[in-house]
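Computed from the coordinates by the stated procedures, all read-outs in this text should not be read as laboratory data. This one's a predicted model, so the numbers in the text were calculated from it and none came from an experiment. Don't worry about glycine lacking a Cβ; one is built from the backbone with ideal geometry, like all the others, and counts go over all protein chains shown.
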Amino acid sequence: MKTQSRRIEERAAQLLSLEGKVAMVTGAASGIGRGISIRLAEMRAFVALLDIDDIKGRAAAAEIEAHGGQAAFLRCDVRSAAECRRAVETIIERSGKIDILCNCAGVAIRKDIVDLTEDEWDLALDVTLKGIYLLSREVVPHMVRNGGGSIINIGSGWSLKGGPRAASYCAAKGGTVNLTRAMAIDHGKNNIRVNCVCPGDVETPMLVSECAQLGEDMQAFLREAANRPLGRVGTPDDIANAVLFLVSPMSSWITGAALVVDGGGLA
């Protein structure tokens, strides 16, 4: 006869388990996307890692498999409708379904609108916002046929407030939140939940790039970024854990939400 503690442990495992699920993560070669991919694989999902960085993407997939997980890397530029379609078709052919889509690919260009070129504007909006549209457009019909699914769009604290010298980034991330809400309304009837995770500053290659673009000292930049109630910048694991919650059965009645994960930075 099972003890009470054993039953509790099993129930906890069930609430977080992604056993048998198929997940797709964009921007998965490094930073937050890589952290999300690893966490979903640890919870027993098969994870398709999408990115334009072949070397880092393949290395991330190999790391997951080396630790007993299931993963595959697919080169995909999310600005391309054809490449998004091809990536989805590849995973459907392999696994027959996609249960989880995490749109994490993004570009941070630290310029105001006067200094920002049109090409830079297009790059930021196409990768960060249009990419969500293109890939979701391919995935949603498969989720409908499969009886449902979960989509997570990665926003930012600057989805909800403005930030300095980041016009295209703020525009794209602001659009991400409201696109999330619209998708949640449209596809709830299909048992597809759509939520947004809004990170604060997370120690990733993107944050290093932002520091370099602004010409600031990295240590001083990180000290300023850590000036928030919890006193530190975030880690990819912090964001991955929030994503895990939102794709797990624990959040079965949550959709259209923007979950801020920022150590209290917006408090």
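A few comments on the model shown:
- With respect to the stated conditions, residue 181 fails to be charged (D, E, K, R), touching an Asp or Glu at 6+ places or on another chain (Cβ under 7 Å) and in contact (Cβ under 8 Å) with a residue 24 or more places away in the chain.
- A count restricted to the range 92-126 and to residues that are under 19 Å from residue 143 (Cα atoms) and over 18 Å from the mean Cα position of the chain (by Cα) stands at 6.
- Selection of the range 204-214 for residues being surrounded by fewer than 17 Cβ atoms within 10 Å (Cβ to Cβ) and farther than 14 Å from residue 33 by Cβ yields 208, 209, 212, 213, 214.
- Taken over the range 215-233, the criterion of being surrounded by fewer than 14 Cβ atoms within 10 Å (Cβ to Cβ) and either in contact (Cβ under 8 Å) with a residue 24 or more places away in the chain or touching a Ser or Thr at 6+ places or on another chain (Cβ under 6 Å) (or both) is satisfied by 229, 231.
- Inter-residue pairs, beta-carbon under 8 Å, first over 18 Å from residue 97 (Cα atoms) and in the range 38-54, second assigned to a strand (DSSP E or B), 6+ apart: 51/26; 51/73; 51/75; 52/75; 54/73; 54/75
- Condition check for residue 41: in contact with a Leu (Cβ under 6 Å, 6 or more places away or on another chain) and crowded, with 20+ Cβ neighbours inside 10 Å: no
- Checking residue 191 against (1) surrounded by fewer than 20 Cβ atoms within 10 Å (Cβ to Cβ); (2) closer than 23 Å to residue 127 by Cα; (3) in contact with a strand residue (DSSP E or B) (Cβ under 8 Å, 6 or more places away or on another chain), the condition it does not meet: (2)
- Options 128, 90: the member that is part of a helix (DSSP H, G or I), surrounded by fewer than 20 Cβ atoms within 10 Å (Cβ to Cβ) and in contact (Cβ under 8 Å) with a residue 12 or more places away in the chain: 90
- So residue 256, is it closer than 27 Å to residue 98 by Cβ and either free of Cβ contacts under 8 Å to residues at least 60 places away in the same chain or surrounded by fewer than 22 Cβ atoms within 10 Å (Cβ to Cβ) (or both): yes
- Checklist (1) in contact (Cβ under 8 Å) with a residue 40 or more places away in the chain; (2) in a helix (DSSP H, G or I) applied to residue 97, failing item: (2)
- Those residues of the range 106-125 which are over 20 Å from residue 194 (Cα atoms), of a type outside the set (Ser, Thr, Tyr) and part of a loop (DSSP other than H, G, I, E, B), in sequence order: 107, 108, 109, 110, 111, 112, 113, 114, 115, 116
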